[in-house]
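Asks: Dropping the structure in here first, questions after.
Values quoted throughout were computed directly from the atomic coordinates according to the rules given, and no laboratory measurement underlies them. Note that the coordinates shown come from a computational prediction; the quantities given were computed from them, not determined experimentally. Because the Cβ atoms are built from the backbone with ideal geometry, glycine has one as well, and the counts that use them run over all protein chains shown.
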Amino acid sequence: MGELEKKMIITRLMGGLGNQMFQYAAAKCLAAKRGAPLKLDVSLYGTSQEGLTPRRFELGCFALDYDIASEQDISLARNGRGFKYIREGAPGFERAFFKFPDNAYLDGYCQSERYFKNIEKVIREDFIFRGSQRGVNKELAEKILSAGSVSVHIRRTDYVSDPKINVHHGICGLEYYLAAVSEIGSKVKDPYFFVFADDIDWAKQNFKVKHQVEYIAHNRDENSFEDMRLMSQCRHNIIANSTFSWWGAWLNVNPGKIVVAPKKWFRDGETGKNEIVPKEWIKL
């Protein structure tokens, strides 16, 4: 041992489920282009870092095969000769990405579908949720599929409570959600809004519209992915500045879907450089 495989793409996973999906999808595309195996560095999970919300590895909610990088893989990849360590700079698509070598260690968020658009079908197949919906989620799915359903994701918690996170991300205010509801209401007959919120009391007290509304807050911790699955089953989506609801909308296969996203993704001025919102989506 002591040497890396001839080819290997390793991606360092960071953040929650939505971020992990971006990192996996980009690395999967590069690995496919280079004919190299893909391995996941999950060493950050189980540790705590100042300014970051504690997370866990969550890609196991999908029916996909994956390989976890060993400590030796990671050590050699980050320090060994003949291996390119690539740290992401400013947010946005890195145009040199597909010129990276077949021995590369990726350290970044890769928040743009341009990283994996050319293997979209593969990524959609990889991100098929494992198992079937049961109980309340099955009942909700049936209601969602039979209505003019619109998911609304309200993200607050650490975006509000943690000063460092708040400075970077900020929150989507009530005015954004009301404008999004108005936009959807002008295009969709009898919309039925399904509200997913990590602060359900705030949502019930503030998100009040003339249309039908249902509030969803029972999927927590290891079952939180069920919210993303439900979002993806809605006909239309209103997302927060959150990669979690971004993927809920992206996985929505309704050909006539309307997706409303915040124009300003980051509070700290990086928005202009970021390409996270697809051109087909409406920015407010």
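Asks: Which stretch or stretches of the range 79-121 have amide N atoms under 17 Å from the point lying 7 Å from SER43's Cα along the Cα→Cβ direction?
Replies: Counting only backbone N, you get 79-88, 104-108.
Asks: Between ASP107 and GLU275, what length comes free when the chain is fully extended (0.36 nm per residue of separation minus the Cα-Cα distance, one decimal in nm)?
Replies: 58.7 nm
Asks: Now for a different question. With N residues in the range 8-126, what two-decimal value do you get for its Cα radius of gyration over 2.2 N^0.38 Å?
Replies: 1.00
Asks: So which helices of the chain fit the span-like rule, where a helix is a whole DSSP H run, its Cα atoms reach 15 Å or more along the axis, and its mean Kyte-Doolittle is at least -0.5?
Replies: What comes out of the filter, once short or polar helices are dropped, is 17-34, 135-146, 174-185.
Asks: From the backbone phi of the range 96-108, what are the Karplus-calculated ³J(HN,Hα) couplings (6.51 cos²θ - 1.76 cosθ + 1.60, θ = phi - 60°) in whole Hz, Gly and Pro given as x?
Replies: Values per residue, Gly and Pro as x: 8, 3, 7, 9, 5, x, 7, 10, 9, 10, 9, 10, x Hz.
Asks: Oh, and also: Under 5 Å between amide hydrogens, which residues at least 5 positions from ILE68 or on another chain qualify, with H placed 1.01 Å from N in the peptide plane?
Replies: For ILE68, the qualifying residues are LEU40.
Asks: Right, another one. Near the amide H of ILE154, under 5 Å away, which other amide H atoms are found, from residues 5 or more places off or on another chain, if H is placed in the peptide plane?
Replies: Residues meeting the criterion, in which the H sits 1.01 Å from N, are PHE196, ALA197, ASP198.
Asks: To continue, here is another question. Could you calculate the contour length gain from ALA96 to ASN206, that is, 0.36 nm times the residue separation minus the distance between their Cα atoms, to one decimal place in nm?
Replies: 35.2 nm
Asks: Based on a Kirkwood Rh over C-alpha pairs, give the Stokes-Einstein translational diffusion coefficient of the chain at 10 °C and viscosity 1.306 mPa s in µm²/s.
Replies: 80 µm²/s
Asks: Count the DSSP beta bridges whose two residues both fall in the chain, then state the antiparallel fraction as a percent rounded to the nearest 5.
Replies: The answer is about 5 percent antiparallel.
Asks: Order these peptides, 131-138, 255-262, by their mean beta-carbon neighbour count within 10 angstrom, highest first.
Replies: In descending order of packing, they fall as 255-262, 131-138.
Asks: Which of the peptides 27-40, 61-74, 111-124 is most tightly packed, and how do the rest follow, going by the mean number of other Cβ atoms within 10 Å of each residue?
Replies: In decreasing order of mean packing, 27-40, 61-74, 111-124 become 27-40, 111-124, 61-74.
Asks: To continue, here is another question. Hey, what number do you get for the chain at 222 nm if only DSSP H runs of n ≥ 4 count, each worth -39500 (n - 2.57), divided across all residues, to the nearest 500?
Replies: That calculation yields -9500 deg cm²/dmol at 222 nm.
Asks: Among LYS39/LYS121; LYS117/LYS138; LYS210/LYS279; LYS208/LYS264; LYS99/LYS283; LYS99/LYS263, which pairs are too far apart, with a Cα-Cα distance over 26 Å?
Replies: Beyond 26 Å: LYS117/LYS138; LYS210/LYS279; LYS99/LYS283; LYS99/LYS263.
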